[in-house]
Amino acid sequence: MQESIERAVDQFRALLEEQLARVQRMERAEAAKDFAGMDRITIGVIGGDGIGPAIVAQARRVLESLLKDELALGRVTLKQIDGLTLENRLALGKSVPDDVLAAIKGCDVLLKGPTTTPKGGTMESANVTLRRELDLYANVRPVRVPEAGIDWVFYRENTEGEYVLGSRGVEVPGRLAMDFKVTTQPGTRRIARAAFEYAKNNGKTRVSIVTKANIMKKTDGNFSAICHEVAADYPGIEADDWYIDIMAANLVNPAIRNQFQVFVLPNLYGDIITDEAAQIQGGVGTAGSANIGDRYAMFEAIHGSAPRMIEEGLGDYANPASILRATELLLRHIAMAKPAERLAKALEICCETERAVVVTGDRSGATCREFTDYLLQNLDQI
Ligand code: NAD
């Protein structure tokens, strides 16, 4: 057993040094890319696994329609990137194969289908790898239910917390296992800054900081304290503290939930609570998600690859609304506000007001292609 302890201590030392090196890299970070000033933008398009290729193909059709002129002029290029499939990743033993990562790094932004993560084993989630490799530190997830007065935007820290070392815990075999959670100063500062900047630029007056700082005193305690330091630079915006357990309850409490506006929270809590929020909006098939860094950004559906739908032969019946909302976020990110607005309007008509073609996720509803045909018809009139 002594040998296991020594091995674990050596491993911990190496992890600490590695994380401190990451802190130094963050401290040297360059300014964020300004898309408004760029004359060429490359959008990488990745199908992923399960229902991913089916819904991403539809999102690509929508992008081709919305950006017809920009594509013709060469101002925007759509670059299909293959190889981020479970089969290829398992065959190569890499969560993101080297050639795929190189192709991705040749793009400015990505529209990505969900990728399956094998249970157990040591294969890291492709998303965790991409968030780390591309330093996509802000996971931004908007959730709106206008009839209930809900207009939330979640800023989930995306590169540290429980995930950064999630595949690299220590074990004394047969006795105990320990995983690590990491909160860094610059990592927290930049997600807090992103949340408060969003609030400032969008007329929001409240940012809710959600942690479990009463229990996770070091990591969540620092997360909360750093968020408050950042909040001091935004005098018109109220910063309030909540624990994740009561916030999970608040989101389903109609008496108070419509008072929340912007949330900032560590990785794991953000992961869980944004699925809850998406369910309140109408299901995980309805919400988009942005992973934003200073240099790259990746836009996805909030849901996974839905392998059960594929097993049941229902892949074509997957709802593309979630990846289309991600497409809207992508367009806003690359400073294409007009096409983003057109898409938002078409989604509102097709998913909320008119609903002439409805996707149910099974054979009782439309296919993702039929829904997209309907959306494209509406787009033509906006
Ligand atoms: P899931 O989100 O893939 O699916 C859960 C259920 O939600 C499905 O069975 C289906 O009934 C429904 N659903 C999901 N998307 C839908 C859509 N577009 N239209 C209609 N119904 C939809 O969750 P899971 O089964 O927990 O995860 C499956 C795999 O996806 C796992 O390997 C997981 O790691 C991975 N995953 C990937 C991402 C990502 O790449 N961003 C995110 C979450 C999960």
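Give me the pairs, please: first residue somewhere in the range 179-191 and under 16 Å from Glu162 (Cα atoms), second residue anywhere and of a type in the set (S, T, N, Q), beta-carbon distance under 6 Å, and either six or more positions apart or on two chains.
Lys181/Thr219; Val182/Gln19; Thr183/Thr219; Thr183/Asn222
Could you tell me whether any residue of the range 101-114 is charged (D, E, K, R), within 16 Å of the ligand (Cβ to nearest atom) and assigned by TED's automatic domain parsing to the domain that holds His303?
The answer is yes; a qualifying residue exists.
Please find, among Ala346, Ala277, Ala366, the residue that is under 30 Å from Thr211 (Cβ atoms) and either among the aliphatic types (A, V, I, L, M) or modelled with pLDDT under 90 (or both).
That would be Ala277, the only listed residue that is under 30 Å from Thr211 (Cβ atoms) and either among the aliphatic types (A, V, I, L, M) or modelled with pLDDT under 90 (or both).
Check off (1) over 30 Å from Thr184 (Cα atoms); (2) within 12 Å of the ligand (Cβ to nearest atom); (3) touching a residue at least 40 places away in the same chain (Cβ under 8 Å) for Arg89 and give me the number that stays unchecked.
(3)
Mind counting the residues in the range 66-84 that are out of contact with any Pro (no Cβ under 9 Å at 6 or more places or on another chain) and of a type in the set (Gly, Ala, Ser)?
The total comes to 2.
Results for (1) free of Cβ contacts under 8 Å to residues at least 40 places away in the same chain; (2) within 12 Å of the ligand (Cβ to nearest atom), shown as yes or no for each residue.
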residue	(1), (2)
Lys119	yes, yes
Leu130	no, yes
Asp135	no, no
Glu160	no, no
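Select from the range 107-127 the residues that are in contact with a Ser or Thr (Cβ under 7 Å, 6 or more places away or on another chain) and surrounded by fewer than 17 Cβ atoms within 10 Å (Cβ to Cβ) and list them in ascending order.
Listed by number, the list holds a single entry, Thr122.
Just to check your reading of the model, which residue among Gln24, Gln11 is away from the ligand (no atom under 16 Å from the Cβ) and surrounded by fewer than 14 Cβ atoms within 10 Å (Cβ to Cβ)?
Gln24
I'd like the residue in the range 58-80 that is surrounded by fewer than 18 Cβ atoms within 10 Å (Cβ to Cβ) and aliphatic (A, V, I, L, M) and, out of all such residues, is nearest to Thr117 (Cα to Cα).
Among residues in the range 58-80 that are surrounded by fewer than 18 Cβ atoms within 10 Å (Cβ to Cβ) and aliphatic (A, V, I, L, M), the one nearest to Thr117 (Cα to Cα) is Leu78.
Please report, ordered by residue number, the helices (runs of 4 or more DSSP H) entirely within the range 1-97 with at least 1 residues that are over 21 Å from Leu324 (Cα atoms) and at pLDDT 95 or above.
By residue number, 2-27, 68-73, 86-92.
Which residue pairs have Cβ atoms under 9 Å apart, sit 6 or more places apart or on different chains, and have a first residue in the range 4-25 that is within 16 Å of Asp179 (Cβ to Cβ) and in contact (Cβ under 8 Å) with a residue 40 or more places away in the chain and a second that is in a helix (DSSP H, G or I) and not charged (D, E, K, R)?
The qualifying pairs do not exist here.
Would you pick out the residues in the range 329-364 that are in a helix (DSSP H, G or I) and within 16 Å of the ligand (Cβ to nearest atom)?
Leu329, Leu330, Leu347, Cys350, Cys351
Tell me whether the range 319-333 contains one or more residues that are more than 20 Å from Thr116 (Cα to Cα), touching a residue at least 12 places away in the same chain (Cβ under 8 Å), touching a helix residue (DSSP H, G or I) at 6+ places or on another chain (Cβ under 8 Å) and surrounded by fewer than 18 Cβ atoms within 10 Å (Cβ to Cβ).
no
Those residues that are of a type in the set (Val, Ile, Thr) and within 15 Å of Glu300 (Cβ to Cβ), I need them from the range 39-61; list them, please.
Passing the criteria: Ile43, Val45, Ile46, Ile51, Ile55, Val56.
The values are calculated or read from the model by the stated rules, or taken from the named source; none is laboratory data. Note that the structure is a prediction, hence the values are computed from the model and not measured. Quick reminder, even Gly has a Cβ in these numbers, built from the backbone with ideal geometry, and neighbours come from all protein chains shown.
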